[in-house]
Amino acid sequence: MIQFDAVHKRFPNGTTAVHDLTLDMPEGGVTVLVGSSGCGKTTTLRMINRMVDPTSGTIKVGGKDVTRQDAADLRRSIGYVIQQSGLFPHRTVLDNIATVPLLLGHGRRKARARAAELLETVGLTAEAGKRYPHQLSGGQQQRVGVARALAADPPVLLMDEPFGAVDPVVRTQLQDELLRLQKELNKTIVFVTHDIDEAVRLGDRIAVFRTGGHLVQCAPPAELLARPADDFVADFLGAERGLKLLSLKTLADVPQAPAPEGGAWNLVLDAQRKPLHWAPKDQRDTELPVRPLKDSDSLLSALDESVASPTGLVARVDAAGALTGVTSRDDIHEHAGRAHTEARVVAA
Ligand SMILES: Nc1ncnc2c1ncn2[C@@H]1O[C@H](COP(=O)(O)OP(=O)(O)OP(=O)(O)O)[C@@H](O)[C@H]1O
């Protein structure tokens, strides 16, 4: 969908921001650009919508060379979300979202109806639409930024550190929302971040850059984590690479057994069979919390819970939260090891 072919960008002051970049960003996928500060991620992104033009090489979107298209037309067909949401302060949230449909020649009523629809899509109320940007929280403003970028229903969405300025809890929520939206909308997304966990969570492919605008490796997250191309990539991914890989695998295939009874610790359930806590047989101990997991939870969460659990057992529940069985620490370890072997084999 987006193809960089031998792209070079040198600014007039002599800085080479992007060096000989050849990279395909597949249609309907999320390509995440990561790397240390100043390695050319933003410049790469901005060359796609011609906010920056390459010094040499070609960039094609949907098979068409971007430099042969009118920059304003191109930008209207590509959604763009930045860290400081970039909203117009003196327009209401609804009018901010309606801006692009209006520019595209939709009538005012149609543009506003589309904006109202998008407010809901990104999880905001109609009441929020009547406010001005400064009357919203940072996380809400980012949602408006995403809604505005989606307003013209562009096939391509460029996102430059969109969730960089919000706290970790809101950031996780926004990531969840983006994953949910992407399942429905299937856009081709290019996403810049400094945060490797965010990259692993959101990316179908991750492109790692090093200073001077050199692309070092581009691969699906599991492959990158299992086989970093060199020490630079390995260092960038961090010391807990093995655990990060487990965040990509779910518990679905890990066997479970009925919860044992009569041991030193027993799992206490409520009337709906929802796990409440671990109760000790020995009255001198206190009860301990249980964090039940669903099939869709990750092996990393399972490992974490198995370490915290007094029995080493993880309580498994169905969508309604009722107990389906328990899984042992040994089974989780075995599957964790298997996940690593599989990732290495796939990458080889
Ligand atoms: N307009 C410009 N003129 C001159 N140099 C520039 C210009 N824009 C960016 N640069 C330089 O190009 C290099 C790459 O910048 P870019 O913003 O693409 O990096 P980045 O990886 O997005 O950085 P960060 O993670 O800090 O946002 C940097 O050395 C930067 O200083």
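Here's the yes/no breakdown for (1) over 23 Å from residue 339 (Cβ atoms); (2) not in a loop (DSSP other than H, G, I, E, B):
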{"residue": "224", "(1), (2)": "no, yes"}
{"residue": "229", "(1), (2)": "no, no"}
{"residue": "242", "(1), (2)": "no, yes"}
{"residue": "252", "(1), (2)": "no, no"}
{"residue": "262", "(1), (2)": "yes, no"}
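One line per residue, one yes/no per condition, for (1) modelled with pLDDT of 90 or more; (2) farther than 17 Å from residue 97 by Cβ:
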site	(1), (2)
127	yes, no
140	no, no
143	no, no
146	no, no
152	no, no
156	yes, yes
162	no, no
166	no, yes
176	no, yes
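When region 314-344 is examined, which residues are found to be of a type in the set (Gly, Ala, Ser) and part of a helix (DSSP H, G or I)?
Within region 314-344, the subset of a type in the set (Gly, Ala, Ser) is 315, 319-322, 325, 328, 336-337, 339, 343.
Correct list: 336, 337, 339, 343.
Filter region 209-225 for residues that are among the small types (Gly, Ala, Ser) and more than 16 Å from the ligand (Cβ to nearest atom); which is nearest to residue 8 (Cα to Cα)? Spell out the reasoning first.
Of the residues in region 209-225, the ones among the small types (Gly, Ala, Ser) are 212-213, 219, 222.
Add one more test, that the residue is more than 16 Å from the ligand (Cβ to nearest atom), and what stays is 219, 222.
Working: 219: 21, 222: 29 Å.
Applying the filter and picking the extreme gives 219.
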**Q.** Residues located in region 1-28, provided they are within 12 Å of the ligand (Cβ to nearest atom) and more than 28 Å from residue 222 (Cβ to Cβ)
**A.** 9, 10, 11, 12, 13, 14, 15, 16, 17
Q | Residues (more than 14 Å from the ligand (Cβ to nearest atom) and either surrounded by 15 or more Cβ atoms within 10 Å (Cβ to Cβ) or at pLDDT 95 or above (or both)) located in region 54-64 | A | 56, 57, 58, 59, 60, 61
Q) What pairs come up if the first residue lies in region 29-53 and is closer than 11 Å to residue 194 by Cα and more than 11 Å from the ligand (Cβ to nearest atom), the second is among the hydroxyl-bearing types (Ser, Thr, Tyr) and modelled with pLDDT under 95, and their beta carbons are under 9 Å apart, counting only those six or more places apart or on different chains? A) 32/193
Q) Has region 70-84 got at least one residue that is assigned by TED's automatic domain parsing to the domain that holds residue 138, at pLDDT 90 or above and over 20 Å from residue 157 (Cα atoms)? A) no
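Residue by residue, here is whether (1) of a type in the set (Lys, Arg); (2) surrounded by fewer than 20 Cβ atoms within 10 Å (Cβ to Cβ); (3) not assigned by TED's automatic domain parsing to the domain that holds residue 302 holds:
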residue: 167; (1), (2), (3): no, yes, yes
residue: 186; (1), (2), (3): no, yes, yes
residue: 200; (1), (2), (3): no, no, yes
residue: 227; (1), (2), (3): yes, yes, yes
residue: 231; (1), (2), (3): no, yes, yes
residue: 248; (1), (2), (3): no, yes, no
Q. Can you tell which of 236, 191, 163 is buried (at least 18 other Cβ atoms within 10 Å of the Cβ) and in a helix (DSSP H, G or I)?
A. 236
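Going by the structure shown, is residue 139 in the same structural domain as residue 177 (by TED's automatic domain parsing), assigned to a helix (DSSP H, G or I) and out of contact with any Ser or Thr (no Cβ under 9 Å at 6 or more places or on another chain)?
Criteria met by residue 139.
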Q) If you scan region 182-204, which residues turn out to be over 11 Å from the mean Cα position of the chain (by Cα) and more than 16 Å from the ligand (Cβ to nearest atom)? A) 183, 184, 185, 186, 187, 188
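The values are calculated or read from the model by the stated rules, or taken from the named source; none is laboratory data. What you see is a predicted model, and the numbers here were worked out from it, not measured in a lab. Note that each Cβ is placed from the backbone with ideal geometry, even for glycine, and that neighbours are counted across all protein chains shown.
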